[in-house]
Amino acid sequence: MAHSCRVLLAAVALAASMGRAVADEPDPAASAAGLYASMSARDLPGVLRYVPAEGFTEVGPDATTPRVLAPAAFEALFGSGLVIALRAEDLRVQRFGDAAIVTGVRVGVVGPKGSSSAGERVPFTMVWIREPGGWRLRHVHLSAPTQRTQ
């Protein structure tokens, strides 16, 4: 009987720890917000937590084709001296198993020194895939800016 209780307690402890692991995993919205926060902090390891080694595709308002943003693009951006001040707002998530679509508004600026931290409000759609180690960005579509913030 004592052995059965120990086995049951061990099973309960294992299940509880597995539940915590899932609960502690950032959701795709937190990953989107974390990506922009890491970019603003020029935190390359933080950005690479969300970007696959082969990069992700991006389509912007003036794009004629998708472009691939690999980790080297972020290294170059962080070394450029440009002002980077971005945040994500109005985030909504639709999950499909290990895939998720995150929509929201990117607020801020990437621009020359002297740019204010206020900037454009750019609606976006992101496609995230859950992989070992967390959510990875696979595609982002940036719409035309809707307005400038004050």
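In table form, for the structure just shown:
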read-out: Any hit, segment 100-111, residues being out of contact with any Ser or Thr (no Cβ under 6 Å at 6 or more places or on another chain), surrounded by fewer than 17 Cβ atoms within 10 Å (Cβ to Cβ) and modelled with pLDDT of 95 or more; value: yes
read-out: Residues satisfying the stated conditions in segment 112-130, i.e. surrounded by fewer than 14 Cβ atoms within 10 Å (Cβ to Cβ) and of a type outside the set (Gly, Ala, Ser); value: 112, 113
read-out: Hits in segment 71-99 (condition: surrounded by 13 or more Cβ atoms within 10 Å (Cβ to Cβ), under 18 Å from residue 41 (Cα atoms) and of a type in the set (Gly, Ala, Ser)); value: 73, 85, 88
read-out: Answer residue from segment 119-147, given it is in a strand (DSSP E or B) and closer than 19 Å to residue 83 by Cβ and is farthest from the chain's Cα centre (by Cα) among those; value: 120
read-out: Qualifying residue in segment 90-110 (condition: small (Gly, Ala, Ser), under 16 Å from residue 30 (Cβ atoms) and part of a loop (DSSP other than H, G, I, E, B)); value: no
read-out: In segment 26-45, the residues that are more than 21 Å from residue 103 (Cβ to Cβ) and part of a helix (DSSP H, G or I); value: 44, 45
read-out: Residues of segment 46-69 satisfying the condition of being among the β-branched types (Val, Ile, Thr), in contact with a strand residue (DSSP E or B) (Cβ under 9 Å, 6 or more places away or on another chain), surrounded by 12 or more Cβ atoms within 10 Å (Cβ to Cβ) and not in a strand (DSSP E or B); value: 51
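The values are calculated or read from the model by the stated rules, or taken from the named source; none is laboratory data. For clarity, every value in this text was computed on a predicted model and none was experimentally measured. Reconstructed Cβ throughout: ideal geometry from the backbone, glycine too, with neighbour counts over all protein chains shown.
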